[in-house]
Amino acid sequence: DIEVTSYFVYKGKVYGIKDAFAFCKYDNELVEKFFKEAQAGALPYIWQFIINDEVVVIGRELSDFPKLVDYMTKKIGAKWVCFVHNLAYEHTFVREYLGIDKIFFTEVRKPLYFTVGDCEFRCTLRLTNLSLEKWGEQNGVEKKVGDLDYTVLRTPKTTMTKTELNYCVYDLLVMVQGLKLYKKQYTHVHD
């Protein structure tokens, strides 16, 4: 899972969403002008990965993620699967760092899966057709909605509170519990 901050470059200065509205003093005309003229971007500032629902790995620079994939591939020594909720969105960022071998799109910009060596990344959003919040409600793990303010500009150097880190970890726990229930119901991942 990756958390991303939105930013805007306007007249040589970088703004988060909250800062942009404050800069425009919440004046509708200024806000409209700002967002029309500003260059928008997004920056991943934290990523998290869980191994067999026991070990959580948290990284701040997305450029470190391929090292984990390589490590896991060597450790496992066989083909393995990494589930990602909303792979279409996450793919936008990780494709810059991973040497993708094969990718299967079901629609434009909507990969169902892609492979990097012996690792296959699969989309749980496409598997469930549920948001993480709804999937958590279904499987009994509460997604920490509202514990991470997406209007604040963050970078990989931004300190995160325990509450914000828990938000990140609970996204993983929702997926793990949901996949366990699916595995119990369907026996094998190919089902």
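For segment 52-154, just say rounded, prolate or oblate: build the C-alpha gyration tensor, square-root its eigenvalues into a ≥ b ≥ c, call rounded for a/c under 1.5, and beyond that prolate if a/b exceeds b/c, oblate if not.
Here segment 52-154 falls in the rounded category.
With every protein chain kept in place and ligands, DNA and RNA left out, what is the accessible area per residue of the chain? Probe 1.4 Å, answer in Å².
61
Quick one: if you stick a label point 7 Å off each Cα along the C-beta vector at ALA78 and ALA22, how many nm between them?
5.3
If one computes P(r) from the Cα atoms of the chain, what percent of pairs lie at distances over 21 Å?
57
Quick one: if you stick a label point 7 Å off each Cα along the C-beta vector at THR161 and LEU43, how many nm between them?
2.1
Percent of Cα-Cα pairs more than 21 Å apart in segment 111-191, please.
Here the tail beyond 21 Å accounts for 42 percent of pairs.
Hey, rough spin-label estimate for LYS33 and TYR71, points 7 angstrom out along Cα→Cβ, what's it come to in nanometres?
It works out to 5.0 nm between the two label points.
Express as a percent, rounded to the nearest 5, the fraction of DSSP beta bridges in the chain (both residues included) that run antiparallel.
85
Quick one: pull the percentage of alpha-carbon pairs in segment 26-69 with a separation above 16 Å.
Every Cα pair in segment 26-69 considered, those over 16 Å come to 59 percent.
By how many degrees, between 0 and 90 and to the nearest 10, does the Cα long axis of helix 65-76 differ from the longest principal axis of the chain?
Tilt of helix 65-76: around 10 degrees.
Could you sort ARG126, ARG109, ARG95 by accessible area so the largest value comes first, with the probe set to 1.4 Å?
Ranked from most to least accessible, the order is ARG109, ARG95, ARG126.
Can you tell me the FRET efficiency between HIS190 and GLN138 if r is taken as the Cβ-Cβ distance and R0 is 22 Å, rounded to the nearest 0.05?
With R0 = 22 Å, the Cβ-Cβ based efficiency is 0.50.
With θ set to phi - 60° and the Karplus curve 6.51 cos²θ - 1.76 cosθ + 1.60, what are the ³J(HN,Hα) couplings of segment 115-128 in order, to the nearest whole Hz, using x for Gly and Pro?
After applying 6.51 cos²θ - 1.76 cosθ + 1.60, I find 10, 9, x, 8, 9, 10, 8, 10, 8, 7, 5, 6, 6, 9 Hz.
Of LEU132, LEU165, LEU62, which is the most mobile in a GNM of the chain whose springs link Cα atoms less than 10 angstrom apart?
Judging by the Gaussian network model, the answer is LEU165.
Alpha carbon centre of segment 133-154 versus segment 13-82: separation in Å?
Spelled out, the Cα-based centre of one part sits 15 Å from the other.
Rounded to the nearest 500, what is the 222 nm mean residue ellipticity of the chain from helices alone, with -39500 (n - 2.57) per DSSP H run of 4+ residues and division by all residues?
-12000 deg cm²/dmol
Which of ASP118, ASP27, ASP147 moves the most in a Gaussian network model of the chain with Cα springs under 10 Å?
Its mean-square fluctuation being the largest, the pick is ASP27.
If you roll a 1.4 Å probe over the chain with all protein chains in place, what percent of the accessible area is carbon or sulfur?
For the chain, the apolar C and S fraction of the accessible surface comes to 53 percent.
Stick to Cα atoms and the Kirkwood definition of Rh, then tell me Rg/Rh for segment 1-74.
So for segment 1-74, dividing Rg by the Kirkwood Rh gives 1.22.
Got a sec to turn the phi values of segment 50-55 into Karplus ³J(HN,Hα) couplings, 6.51 cos²θ - 1.76 cosθ + 1.60 with θ = phi - 60°, whole Hz, x for Gly and Pro?
My calculation for segment 50-55 gives 10, 10, 6, 6, 10, 10 Hz in order.
Can you say what percent of the DSSP beta bridges in segment 26-133, counting only those with both residues inside, are antiparallel? Round to 5.
Roughly 75 percent of the DSSP beta bridges within segment 26-133 come out antiparallel.
For helix 28-37, report the angle its Cα long axis makes with the longest principal axis of the Cα atoms of the chain; keep it between 0 and 90° and round to the nearest 10°.
Once rounded, the angle reads 60 degrees.
The values are calculated or read from the model by the stated rules, or taken from the named source; none is laboratory data. If you're wondering where the values come from, they're calculated on a predicted model, not measured in any experiment. Reconstructed Cβ throughout: ideal geometry from the backbone, glycine too, with neighbour counts over all protein chains shown. Ligands, DNA and RNA are excluded from the accessible area calculation, which covers all protein heavy atoms including side chains. Shrake-Rupley method; radii C 1.70, N 1.55, O 1.52, S 1.80 Å.
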